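The values are calculated or read from the model by the stated rules, or taken from the named source; none is laboratory data. Bear in mind the structure is a predicted one, so any value in this text is a computation, not a measurement. When we count neighbours, we look across all protein chains shown, and the Cβ atoms used for this are built from the backbone with ideal geometry, even at glycine.
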């Protein structure tokens, strides 16, 4: 029913995270009918993306490729504390922490979490790269900012054990009731963590 | 925080229907991190889309551009009844009707519905093109398949009035309880239409 080219665009759009056949069709029809040149510009940008943007050679954040090297904005920023390293699962998490403005150090993006059910064991994590980074940069404090999920907690425990031998201070981000959240509707685990992680304010 | 190129990709993706800033970022990060070449191939396809695919010159369905002309699969299909014309709002609606297999005629895609609140009056609808199409193709029956919404009903009424002078049979798609639907949870208007539109089966 639809032109072959448009069907191929739909197939490719359906690879995006959370996009099914219907949504891909909606996007493709919009792009084909749009007369403002969105499809053409997006096409040029995407075709050039691979050669121009890739994970940062140091931390895994996304970075511009310059002379074959990719070093991201955070790693280039000299005002950042190189001795403070925050370990996150994904680039999205790094961006969320950056938006909070609460992190003055640098990052290390794991790319994946321990997940025995999905066959991701310790060997699949970039532990060697992480140790090298900690040693080379003289990191003295590591913040484990993997999510407070089963996989995230398991990963944090593994990293804490791996990094213990390097003599760095290791901390884990707090888990508890979110800002503006309601105790009444919090789940038991979250509430338990909020109590366990209480801080003295007196 | 993110490379300029990636931010531009995010801005363009955010133009897609129903896509906000967060979703656009999710798509862009996926495309930038993906190593299977989805971004590159999608880029090439999208860049070429405008020159290769555009609304059908006759009905508005999407069609391959061949020698400067665009005639869609439905309009090219000689087995279709040229005298039966189904009028729809969008290409999506045409595709849905095609999937049902219930339409043996051809289509006319309006592209928009009457919508006084959004400033879309009768002058914004392709009424002249529609009349020409009806006359030139010797159309004898028109099915008004705009959606059973306020705007869709208003548009159907306007079209019925416009087409009355051309001496064609005009019908409106049925509105009622959907197949597998539950009377208990149907809204009043739908239920009223189901009763009003009842058909004799005796």
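For a quick check of your reading: which helices (runs of 4 or more DSSP H) sit entirely within the range A:75-182 and have at least 2 residues that are touching a residue at least 60 places away in the same chain (Cβ under 8 Å) and either touching a strand residue (DSSP E or B) at 6+ places or on another chain (Cβ under 8 Å) or under 27 Å from residue B:32 (Cα atoms) (or both)?
Here the list reads A:150-164.
Of the conditions (1) touching a helix residue (DSSP H, G or I) at 6+ places or on another chain (Cβ under 7 Å); (2) outside the structural domain of residue B:30 (by TED's automatic domain parsing), residue B:141 satisfies every one except a single condition; which number is it?
(1)
Check the range B:71-86 and report whether any residue there is outside the structural domain of residue B:170 (by TED's automatic domain parsing), over 21 Å from the mean Cα position of the chain (by Cα) and closer than 23 Å to residue A:43 by Cβ.
Scanning the range B:71-86 turns up no residue that is outside the structural domain of residue B:170 (by TED's automatic domain parsing), over 21 Å from the mean Cα position of the chain (by Cα) and closer than 23 Å to residue A:43 by Cβ.
Whether any residue in the range B:90-112 is over 26 Å from residue B:169 (Cβ atoms) and more than 8 Å from every other protein chain (Cβ to nearest Cβ) is what I want to check.
Checked the range B:90-112: no residue is over 26 Å from residue B:169 (Cβ atoms) and more than 8 Å from every other protein chain (Cβ to nearest Cβ).
What's the total number of residues in the range A:73-82 that are touching a helix residue (DSSP H, G or I) at 6+ places or on another chain (Cβ under 9 Å) and facing chain B (nearest Cβ under 10 Å)?
Within the range A:73-82, residues that are touching a helix residue (DSSP H, G or I) at 6+ places or on another chain (Cβ under 9 Å) and facing chain B (nearest Cβ under 10 Å) number 1.
Which numbered condition in (1) exposed (fewer than 15 other Cβ atoms within 10 Å of the Cβ); (2) closer than 27 Å to residue A:12 by Cβ is the only one that residue B:91 fails?
All conditions are met except number (1).
Evaluate the following for residue A:67: is it crowded, with 17+ Cβ neighbours inside 10 Å and more than 7 Å from chain B (Cβ to nearest Cβ)?
no
Any idea which of A:116, A:126 is more than 26 Å from residue A:59 (Cβ to Cβ) and within 21 Å of the chain's Cα centre (by Cα)?
Among A:116, A:126, only A:116 is more than 26 Å from residue A:59 (Cβ to Cβ) and within 21 Å of the chain's Cα centre (by Cα).
Of the conditions (1) in contact with a strand residue (DSSP E or B) (Cβ under 9 Å, 6 or more places away or on another chain); (2) within 17 Å of residue A:31 (Cβ to Cβ), residue B:4 satisfies every one except a single condition; which number is it?
For residue B:4, the exception is condition (2).
Quick test of your reading of the structure: residue B:32 fulfils all but one of (1) under 22 Å from residue A:25 (Cβ atoms); (2) in contact with a helix residue (DSSP H, G or I) (Cβ under 7 Å, 6 or more places away or on another chain); (3) at pLDDT below 95; (4) not assigned by TED's automatic domain parsing to the domain that holds residue B:158. Name the failing condition by number.
(1)
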